[in-house]
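Data first, discussion second: the structure below is written as structure tokens.
The values are calculated or read from the model by the stated rules, or taken from the named source; none is laboratory data. Since this is a predicted model, take the numbers as computed values, not measurements. Positions of Cβ are generated from backbone atoms using ideal geometry, with glycine treated the same way; all protein chains shown enter the neighbour counts.
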Amino acid sequence: MNNIAQWLADKSPVARQNAAEAVFEDLRSAILSGRIPVSTRLPSEAKLAGKYGVSRPMVREALRSLQTLGLTRSRTGSGSFVISASPAEPNYGAYSARDLIEARPFVEIPAAGWAAIRRSEDQRASLLRLCDRMDDCHDPLAWVRHDSAFHALIAEASGNALFARIAAEAREALAKQSELVNLSGNRRTASNHEHRRIAEAIAAADEAASREAMQAHLNAVEQLVTRLTHPATKG
């Protein structure tokens, strides 16, 4: 039995609530450690689903994030192949991870502050409802859609058309970043707390607290992106 067959035979059932995250972390760890070597064709979605005891959509979600990190590549009709044991800086279409990390604080922090001052009652209620939906959501892709709507609504509530336009332009890239980041370390739970803190500060019309909460959220995202792309980095 070769190495990949031995690895596949080692059944690793995961908790259903965090299935996609657990599959992603296990596959990522196996690739970075060399247990699944470069040039290896990964087992089929069906076989991976059997190994982890999850559905194929959960496996597909994890494989998509591995590809975003530059660890694997999907070849039509042939499956997914490991192409690197070193994560690359993620690229989200028109924007890189660095583009988003550098630019977001200059848009989303002031937008949160202005939203606290200018938001309507409908916008206040919508932000809190989105927090409730994210708390109750266990589907990773549905959660990403709620996350995207949350950040877009803050830009809209800022009353600044330029902030709203930038958020709309970058929405697809931000969604891809969110999909990757929130598949690691049960990040969605932490994100839910951070989103709730932002929403409650905006609801309370507290400009300073809103800016501070958004800054803390963006800092956490940056730290995790750094950990994903530089595994040896501490902190």
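For Val38, only one of the following conditions fails: (1) under 24 Å from the mean Cα position of the chain (by Cα); (2) farther than 25 Å from His138 by Cβ. What is its number?
Single failed check for Val38: (1).
Being under 20 Å from the mean Cα position of the chain (by Cα) and of a type in the set (Asp, Glu) is the filter here; which residues of the stretch 102-151 pass it?
Once the filter is applied, which keeps residues that are under 20 Å from the mean Cα position of the chain (by Cα) and of a type in the set (Asp, Glu), the stretch 102-151 yields Glu102, Glu108, Asp132, Asp135, Asp136, Asp139, Asp147.
Quick grid of which residues meet (1) farther than 30 Å from Ser29 by Cα; (2) free of Cβ contacts under 8 Å to residues at least 60 places away in the same chain; (3) in the same structural domain as Ala111 (by TED's automatic domain parsing):
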residue: His151; (1), (2), (3): yes, yes, yes
residue: Ser158; (1), (2), (3): yes, yes, yes
residue: Leu162; (1), (2), (3): yes, yes, yes
residue: Glu172; (1), (2), (3): no, no, yes
residue: Ala190; (1), (2), (3): no, yes, yes
residue: Ala199; (1), (2), (3): yes, no, yes
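Conditions (1) at pLDDT 95 or above; (2) at positive phi, marked per residue:
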{"position": "Asp139", "(1), (2)": "no, no"}
{"position": "Val144", "(1), (2)": "no, no"}
{"position": "Ala152", "(1), (2)": "yes, no"}
{"position": "Gly185", "(1), (2)": "no, yes"}
{"position": "Leu218", "(1), (2)": "yes, no"}
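Go through (1) in contact with a Phe, Trp or Tyr (Cβ under 8 Å, 6 or more places away or on another chain); (2) farther than 19 Å from His193 by Cα; (3) surrounded by 14 or more Cβ atoms within 10 Å (Cβ to Cβ) for Pro57 and report which single condition fails.
(1)
For the stretch 114-149, which residues satisfy the criterion of being in contact (Cβ under 8 Å) with a residue 60 or more places away in the chain and among the small types (Gly, Ala, Ser)?
Passing the criteria: Ala115, Ala116.
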